[in-house]
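Peer 1: Next up is a structure, given as C-alpha cells.
The numbers here are math on the coordinates, done by the rules we state, and not lab data. All values reported here derive from a predicted model rather than from experimental measurement. Cβ sites come from the backbone with ideal geometry, for glycine too, and all protein chains shown count toward neighbours.
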C-alpha cells in the first residue's frame, strides 16, 4: 500500500474513532432516535425497436434493501446517521448488446450481482451546518445531484459520462470514502470528498470488495453550490472539479497515472402553470481531459413538469437531451468519423398509489457509439418502481 493510501486509511479510522467517542460521551444526555427500513424494486422493460446493434428486449432491474438509523439532540443540532444499502442487480447488458451506445440507456443497467452498496456513518454538527460522512458510499448521492433530472431513465441525467467513465465510486460499485459538507448559510454549501480510486475488485463480480491495490490511487472531488429551497423543487447552481490519481489504460492502450475534469449543473423553476402544475428546467455541462478519455465534453438539459394534468398532483413528465462529444484520441484509435452521440428521452411517471410508479418511456439514440455503421436507435420502455413501506 502506498504512503498516500496509508495516510487516507489511517485518517478514516481516526475520524471514525473520534465520532464513536463523541457518541459514547453523549449517550447519557438524552437523544431523539428514529429508524426506517425500505425495500425498493426497480424494473426497466426496454425494447430496441429500430437501429442499434440488434432488436430485442432486456429487463435491467435492481432490488435494494435500505436501512437508516438516526439519533441526535432534541433539536438535532448534533445528529448521527447510519445507512446500510444492500443491492442486487440483474437483467443483461441492453446498451452494449443491443444499442452500442456509450452513455447507457438505463440508469439501473448493471452486471448480475449482489453486494453491500452503501455502509456509512454521518455526523452533523455546528447548528446543522457541518456534516462528516465516512464509509462505503455513492459519490452521486452528494455530488452532481439534480432533482429535476432524476426522473429520467437515461444514465447521463443522473451523472454525466465525463465522470462515469473515470472509475469513480458510483452505481453499481462503490468505494470507501469520506465527505465533508459545510453550509455557510441557508442557501450555499461547499462539499469535498475523497475515495479509493478503484471501487471494488477487478475480478470480484459478486459481493462487496474493499481493497487498496497498487495503482488504485485516490479520487477527489469538490463542489460549491447555491440552493434556494423556497420552491416545490429547489433552484440550484453548482460548480464541481474532480481528479483521480488512479492508473488506467486509455482506448489507445497508453497507461496514465491521473485524470481530471470539471462540471457545471443547474436547475430552476420556470413557471407555475396552473393549480398544482410546476414546470422546471435543468442543465448539465462537463468536460474531461480529451487526451485521456473516451468522452471529452458532455452537455445535457431538459424540462421537468410536476402535475401536468389536473387531479394528478404526483405525476411527472420529463424530457431531456444528453449530448456527448468524443475525444479525438478515442475517435482516431477506433477509426470513427463521427464526433458525437446524442440521446433524446421523453418520459411520464404515473403515480398509481403510495408504493407503485409506472413510467412509460421512449428514447432516440442518434449515432450510437459515434459509429457510422450503427443506425440510429429507437427504444421504447416502461419503468416500474415498487417502494415499501
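Peer 1: Assuming 0.36 nm per residue, please report the length gained on full extension of the stretch residue 319 to residue 65 beyond their Cα-Cα distance. Intermediate values should be presented prior to the final figure.
Peer 2: Values: separation 254, 0.36 × 254 = 91.44 nm, distance 2.95 nm.
Residue separation times 0.36 nm, minus the Cα-Cα distance, leaves 88.5 nm.
Peer 1: Just want to confirm a number: the relative contact order over the chain, from Cα pairs under 8 angstrom separated by 6+ residues, in percent.
Peer 2: Once normalised by length, the contact order is 14 percent.
Peer 1: If packing is taken as the average number of other Cβ atoms within 10 Å across a peptide's residues, how do 352-365, 258-271, 154-167 rank, most packed first?
Peer 2: Values: 352-365: 16.4, 258-271: 18.2, 154-167: 24.3.
Ranked from most to least packed, the peptides come out as 154-167, 258-271, 352-365.
Peer 1: Ranked highest first by the average count of other Cβ atoms within 10 Å around their residues, in what order do 223-233, 46-56 fall?
Peer 2: Details: 223-233: 14.8, 46-56: 17.7.
In descending order of packing, they fall as 46-56, 223-233.
Peer 1: Taking the Cα atoms of the range 253-319, report the difference between the largest and smallest coordinate on each principal axis, in whole Å and largest first.
Peer 2: Cα spread of the range 253-319 along its principal axes, largest to smallest: 57, 18, 14 Å.
Peer 1: From zero outward in steps of 10 Å, how is the percent of C-alpha pairs of the range 275-361 spread across the bins?
Peer 2: So the P(r) values, bin by bin, are 16, 32, 23, 17, 10, 1.
Peer 1: Quick one: what does P(r) look like for the range 339-388 with 5 Å bins over all Cα pairs, in whole %?
Peer 2: Percent of Cα pairs in each bin: 5, 20, 20, 14, 13, 11, 8, 6, 3, 0.
Peer 1: Using 1/(1 + (r/R0)^6) with R0 = 45 angstrom and r between the beta carbons of residue 362 and residue 130, what's the FRET efficiency to the nearest 0.05?
Peer 2: On the way: r = 44 Å, r/R0 = 0.97.
Efficiency, from the Cβ-Cβ distance: 0.55.
Peer 1: When averaged across all projection directions, what area in nm² does the alpha-carbon convex hull of the chain cover?
Peer 2: Averaging across all directions leaves 19.2 nm² for the Cα convex hull.
Peer 1: Treat the count of other C-beta atoms within 10 Å as a stand-in for reagent exposure and order 118, 38 from fewest to most. Mind dumping the intermediate values first?
Peer 2: Working: 118 19, 38 13.
Neighbour counts put them in this order, fewest first: 38, 118.
Peer 1: I would also like to ask the following. Restricting the calculation to Cα positions, tell me the Rg (one decimal) and the Dmax (whole number) of the range 103-233 in Å.
Peer 2: In Å, with Rg to one decimal and Dmax whole: 15.6, 47.
Peer 1: Listed highest first by mean packing, meaning other Cβ atoms within 10 Å per residue, what order do 299-308, 79-88 come in? Walk me through the numbers before you get to the answer.
Peer 2: Details: 299-308: 20.7, 79-88: 18.8.
The most tightly packed comes first, giving 299-308, 79-88.
Peer 1: Under a plain spin-label model, where a point goes 7 Å from the Cα along Cα-to-Cβ, how far apart in nm are residue 375 and residue 37?
Peer 2: 5.1
Peer 1: Can you tell me the length gained on complete extension of the stretch residue 182 to residue 49, counting 0.36 nm per residue apart and subtracting the Cα distance? Working shown, then result.
Peer 2: Details: separation 133, 0.36 × 133 = 47.88 nm, distance 4.73 nm.
The residue 182-residue 49 span can extend by a further 43.1 nm.
Peer 1: Right, next: With the Cα gyration tensor of the range 39-183 in hand, give its eigenvalues times 5 under a square root as the equivalent ellipsoid semi-axes, listed largest first in whole angstrom.
Peer 2: Working: eigenvalues 229, 49, 32 Å².
So the three semi-axes of the range 39-183 are 34, 16, 13 Å.
Peer 1: Assuming 0.36 nm per residue, please report the length gained on full extension of the stretch residue 256 to residue 270 beyond their Cα-Cα distance.
Peer 2: Values: separation 14, 0.36 × 14 = 5.04 nm, distance 4.35 nm.
Once the chain is fully extended between residue 256 and residue 270, it gains 0.7 nm.
Peer 1: Per residue of the chain, what 222 nm ellipticity follows from adding -39500 (n - 2.57) for every DSSP H run with n ≥ 4, rounded to the nearest 500? Display every interim value, and only then the final one.
Peer 2: Details: 3 runs with 35 residues, N = 389.
Dividing the helical sum by the residues of the chain leaves -3000 deg cm²/dmol.
Peer 1: Using only the alpha-carbon atoms of the range 25-96 as identical scatterers, what base-10 log of I(q)/I(0) does the Debye formula give at q = 0.13, 0.18, 0.19, 0.22 Å⁻¹?
Peer 2: Treating every Cα as an identical point scatterer, log10 I(q)/I(0) equals -0.59, -0.77, -0.81, -0.93.
Peer 1: If you don't mind, another one. Starting from the exponent 0.38 and prefactor 2.2 Å, build the expected Rg for the range 74-155 from its residue count and divide its actual Cα Rg by it.
Peer 2: Details: Rg = 17.0 Å, N = 82, 2.2 N^0.38 = 11.7 Å.
Cα-based Rg divided by the globular estimate yields 1.45.
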